[in-house]
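Working notes, beginning with the structure itself.
Each value in this text was obtained by applying a stated rule to the coordinates, not by laboratory testing. A quick note: this is a predicted structure, and the numbers were derived from the prediction, not measured. Please note: Cβ atoms are built from the backbone with ideal geometry, for glycine as well, and neighbour counts cover all protein chains shown.
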Amino acid sequence: MKDNGNLFLPSGHSTIAPGTDALFDFIYYVSIVFFAIVVFAIVYSVWRFRRRKNAGLTSGVAQNTTLEILWTAIPTVLVLIVFAWGFKGYLRLYIIPKDAMEIKVTGQRWFWSFDYPDGATSVNDLVVPVGKPVKLLMSSKDVIHSFFVPSFRIKMDVLPNRYTMTWFEATDTGAYDLFCTEYCGAKHSSMIGKVRVVGEREYAQWLESSSKAGEGMPVEDYGAKLYVQKACITCHSVDGKASTGPTFLGLFGEQVKLEGGGTATVDENYLRESILSPQAKIAMGYQPVMPTFQGILKDKQIDALIAYIKSLKKNGNK
Ligand code: CUA
């Protein structure tokens, strides 16, 4: 994959990118040319009309009609060119091809989740086939996020209680950065992922393997994989350090104090409830910011995560 990125943007890998980049370059170089002209005129005038002995203070020129027409007409033409060109690009961005495959995107603090047409789901990893238009139907479960893939030149706000849409057609296989580009709280900077563009065949294989995920592997290992894949890692450490949420290390079997009084024993039911209804019991000293994983995790995956948390014992004792 050749990378012809520049100072401002990474290389483009969608059908939209070339048009956007061409307009960007046009505005950029026109700006440089006019910047040079203006700076040259300033420097020249400062030198040419510097204070001298015996020099009169007035030039005798009151007006230059030709110059005035030129500096009105040229910028007007340039601005109209930019408008027409930009409007064409706007239409290209907002008219979604009819045959586009639709993927549901959900933003929440602080991860992205994706629902594919055939029932597969993924977190922070959007997998799409190359050379096919993909429509993203997006909404948020909490605050405003913004979906940004620089390599595709697409960016769209993701709002609660409303759908927004965008689309792209990737032109090259590879993994491209995905960012949340609207400040959405403490872990905004962790709300990142990848768009993995794969061949048609690989995409079909991925869909199939995602429905069989976890088969033929120890349940704790599957849980460890999900811990990263489903973005638990954003807020929960496994090394004993408190983060946005409690650490998983040595958590199982503990008595935890709860906000609002009372205690709870961390057992299977407590963990399951904390995953599906995170607001039900809040551990003392933490904010009630965890989103629900209802609909994101299947029962089998919840079991695997619980098994993984169970396996994280302090110093191997207990
Ligand atoms: Cu979501 Cu920033």
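General remarks:
- Between Ser210 and Tyr44, the contour length at 0.36 nm per residue exceeds the alpha carbon distance by 53.0 nm.
- Less than 5 angstrom separates the built amide H of Asn124 from those of Trp112, Ser113, Phe114, all sequence-distant by 5 or more or on a different chain.
- When only Cα pairs below 8 angstrom with a gap of at least 6 residues are kept, the chain shows a relative contact order of 14 percent.
- Taking Ile69, Ile296, Ile275 as the candidate residues, the one with maximal mean-square fluctuation in a Gaussian network model of the chain, Cα springs under 10 Å, is Ile69.
- Segment 128-213: C-alpha gyration tensor shape, a/c 1.5 cut-off, then a/b vs b/c: prolate
- Mean Cα-pair separation over length for segment 239-318, i.e. relative contact order, pairs under 8 Å, 6 or more apart, %: 34 percent
- The trypsin sites (Lys or Arg not before Pro) of segment 215-277 that meet both conditions, a loop assignment by DSSP and at most 11 other Cβ atoms within 10 Å of the site Cβ, are Lys241.
- CD proxy at 222 nm, helix term only [per DSSP H run n ≥ 4: -39500 (n - 2.57); per residue of the chain; nearest 500]: -11500 deg cm²/dmol
- Between Glu273 and Asn6, the FRET efficiency from the beta-carbon distance, with R0 = 41 Å, is close to 0.20.
- Euclidean distance between Cα centres, segment 193-222 to segment 111-149, Å: 16 Å
- Shape category assigned to segment 40-188 from the gyration tensor of Cα positions, a/c cut at 1.5: prolate
- Max mean-square fluctuation residue, GNM over the chain, Cα-Cα springs under 10 Å, options Lys104, Lys141, Lys212: Lys212
- Derived scalar couplings between HN and Hα for segment 84-99 equal 4, 5, x, 5, 4, x, 4, 4, 4, 6, 9, 8, 8, x, 4, 8 Hz in order, rounded to whole Hz, by the Karplus curve 6.51 cos²θ - 1.76 cosθ + 1.60 (θ = phi - 60°), x for Gly and Pro.
- Residue by residue, segment 140-156 carries 3J(HN,Hα) couplings of 10, 8, 9, 9, 7, 10, 8, 8, 9, 10, x, 5, 9, 6, 10, 8, 8 Hz when phi is fed to the Karplus relation 6.51 cos²θ - 1.76 cosθ + 1.60 (θ = phi - 60°); x denotes Gly or Pro.
- For segment 72-78, backbone phi angles converted through the Karplus equation (6.51, -1.76, 1.60; θ = phi - 60°) give residue-by-residue couplings of 9, 5, 4, x, 4, 4, 4 Hz, Gly and Pro being listed as x.
- Descending by average beta-carbon neighbour count within 10 Å, the peptides 213-220, 117-124, 27-34 line up as 117-124, 213-220, 27-34, the highest first.
- Modelled FRET efficiency - R0 30 Å, Thr263 with Ser243, Cβ distances, 0.05 increments: 0.90
- Reachable lysines, given that their alpha-carbon falls under 19 Å from the alpha-carbon of Lys212 and they are not under 8 places away in the same chain: Lys225, Lys230, Lys298, Lys300
- Shape class for the chain, computed from the alpha carbon gyration tensor (a ≥ b ≥ c): prolate, with a/c not under 1.5 and a/b above b/c.
- Within a Gaussian network of the chain (alpha carbon springs, distance under 10 Å), most fluctuating of Gly19, Gly295, Gly107: Gly295
- Exposure proxy order (Cβ contacts within 10 Å, fewest to most) of Arg92, Arg51, Arg153: Arg51, Arg92, Arg153
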